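Each remark here refers to the structure printed beneath this line.
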Amino acid sequence: MSCLACGSQNLQLWTHSRDTEYFTTSESFALYRCRACDALSIDPVPRERLREIYPPTYYSFASGVRSFATRVKEALDRRRFAKLLRGLPGRELAVLDVGGGSGYLLDLVKSADPRVTRTQVVDFDPEAQQVARARGHGTFLGRIEDYATKQRFDLVLLLNLIEHVEDPGAVLAKARALLRPGGVILVQTPNWRCLDEWLFRRKSWGGYHTPRHWVLLTRRSLTALVDRAGLSLRRFQYTQGGWFWAVSVLAWFHEKGLVKASFERPLNRHPLFGPLAALFAAFDFARLPFAKGSQMCGELVAAETAPRPGIARREA
């Protein structure tokens, strides 16, 4: 096999992992570390099993599950979107959310800036598509690589998306092609070089999200991907991974028989999930001034328009 991030075949077995979150399969998957770029790639890639591994209970498809932790995150996301949108010129703005599911993030985007008049979701789930349409968003059912349109966007959201695809470089290149001049791509993806991965490597770390995360990056491998796509990092920051911590801890509890979870009631529906996610998000925020979080965010622009990038560590 080859690294899904850079194509190198210089790989080493890192660990094995199962679906300990949604219980869609009992199969064990291998994760290989690329010695060239430091990315992790899954093997085998379950490319023909999307309907199996993304169940109806999947979080981005849900339209009515709003815990306290979810509401707090929504407030933080709305603030982040408002700050980013303020820097975009124009009386009317168009925003694309790739992998946007039911369109709940685009609802936050529209509430953050009244200039957002056109919103589009690209996703492969037909039930989520119906919800997104009912919310007033345009929809395309399929992969972003197959999305053919003459429309261009001021903001493209790739939030927790590129780790789910077989060719993240192609997705970044497609997103660049869909940008208006001066537009921005907001990317968020796991950083696997973090404390919680080190602690839960042998116990199915929540950030592995097996078998839905196919490629996991570090800042080094993300930067290389961005450069090859003709983009530049305008801003980079590490951020909290409370969700990954909560899944990791609950999966360990489930293994010990301390909590119950199943395909019908996955770990993110457990009553302890919200409090644990909030607790560990606070823990991560406290560490960010001097440590790498388990997620990273970047604002990407076309390479020829990019200023020198900055770095921060605190973000929602």
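How many residues does the stretch 239-270 hold that are hydroxyl-bearing (Ser, Thr, Tyr) and surrounded by fewer than 18 Cβ atoms within 10 Å (Cβ to Cβ)?
Residues in the stretch 239-270 being hydroxyl-bearing (Ser, Thr, Tyr) and surrounded by fewer than 18 Cβ atoms within 10 Å (Cβ to Cβ): 1 in total.
Of the residues 273, 280, 236, 285, which single one is surrounded by 20 or more Cβ atoms within 10 Å (Cβ to Cβ), touching a Lys or Arg at 6+ places or on another chain (Cβ under 8 Å), over 28 Å from residue 43 (Cα atoms) and among the hydrophobic types (A, V, I, L, M, F, W, C)?
236
Given (1) among the aliphatic types (A, V, I, L, M); (2) crowded, with 17+ Cβ neighbours inside 10 Å; (3) in contact with a helix residue (DSSP H, G or I) (Cβ under 9 Å, 6 or more places away or on another chain), identify the lone condition not met by residue 195.
With (1) among the aliphatic types (A, V, I, L, M); (2) crowded, with 17+ Cβ neighbours inside 10 Å; (3) in contact with a helix residue (DSSP H, G or I) (Cβ under 9 Å, 6 or more places away or on another chain) applied to residue 195, the lone miss is (2).
Each row is one residue, and each column tells you yes or no for (1) under 16 Å from the mean Cα position of the chain (by Cα); (2) among the aliphatic types (A, V, I, L, M).
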| position | (1), (2) |
| --- | --- |
| 222 | yes, yes |
| 233 | no, yes |
| 239 | yes, no |
| 252 | no, no |
| 262 | no, no |
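Condition test on residue 212, is it closer than 25 Å to residue 46 by Cα, touching a residue at least 60 places away in the same chain (Cβ under 8 Å), basic (Lys, Arg) and surrounded by fewer than 22 Cβ atoms within 10 Å (Cβ to Cβ)?
yes
Could you tell me which residue of the stretch 176-191 is surrounded by the most Cβ atoms within 10 Å (Cβ to Cβ), considering only residues that are of a type outside the set (A, V, I, L, M) and in contact with a Phe, Trp or Tyr (Cβ under 8 Å, 6 or more places away or on another chain)?
Here the residue is 190.
Please find, within the stretch 3-27, the residue that is surrounded by the fewest Cβ atoms within 10 Å (Cβ to Cβ) out of those that are free of Cβ contacts under 8 Å to residues at least 24 places away in the same chain and farther than 23 Å from residue 294 by Cα.
Looking at the filtered set, the residue picked out is 26.
The conditions are (1) more than 27 Å from residue 5 (Cβ to Cβ); (2) crowded, with 20+ Cβ neighbours inside 10 Å; (3) among the β-branched types (Val, Ile, Thr); (4) at pLDDT 95 or above, and residue 131 fails exactly one of them. Which is it?
Condition not satisfied by residue 131: (4).
Residue by residue through the stretch 141-157, note down the ones that are more than 19 Å from the chain's Cα centre (by Cα) and either outside any loop (DSSP other than H, G, I, E, B) or free of Cβ contacts under 8 Å to residues at least 24 places away in the same chain (or both).
146, 148, 150, 153, 154
Using beta carbons and a limit of 6 Å, which pairs, at least six apart or on different chains, have the first residue in the stretch 29-51 and β-branched (Val, Ile, Thr) and the second one assigned to a loop (DSSP other than H, G, I, E, B) and surrounded by fewer than 20 Cβ atoms within 10 Å (Cβ to Cβ)?
If the second residue must be assigned to a loop (DSSP other than H, G, I, E, B) and surrounded by fewer than 20 Cβ atoms within 10 Å (Cβ to Cβ), the pairs left are 45/166.
So, in the stretch 114-140, exactly how many residues are under 18 Å from residue 175 (Cβ atoms) and either in contact with a helix residue (DSSP H, G or I) (Cβ under 7 Å, 6 or more places away or on another chain) or part of a helix (DSSP H, G or I) (or both)?
Residues flagged as under 18 Å from residue 175 (Cβ atoms) and either in contact with a helix residue (DSSP H, G or I) (Cβ under 7 Å, 6 or more places away or on another chain) or part of a helix (DSSP H, G or I) (or both) within the stretch 114-140 amount to 8.
Take the residues of the stretch 264-284 that are modelled with pLDDT of 95 or more and among the aromatic types (Phe, Trp, Tyr): which is farthest from residue 22 (Cα to Cα)?
Per the stated criteria, the residue is 283.
The values are calculated or read from the model by the stated rules, or taken from the named source; none is laboratory data. This one's a predicted model, so the numbers in the text were calculated from it and none came from an experiment. Methodologically, a virtual Cβ is constructed for each residue, glycine included, from the backbone with ideal geometry; neighbour enumeration extends over all protein chains shown.
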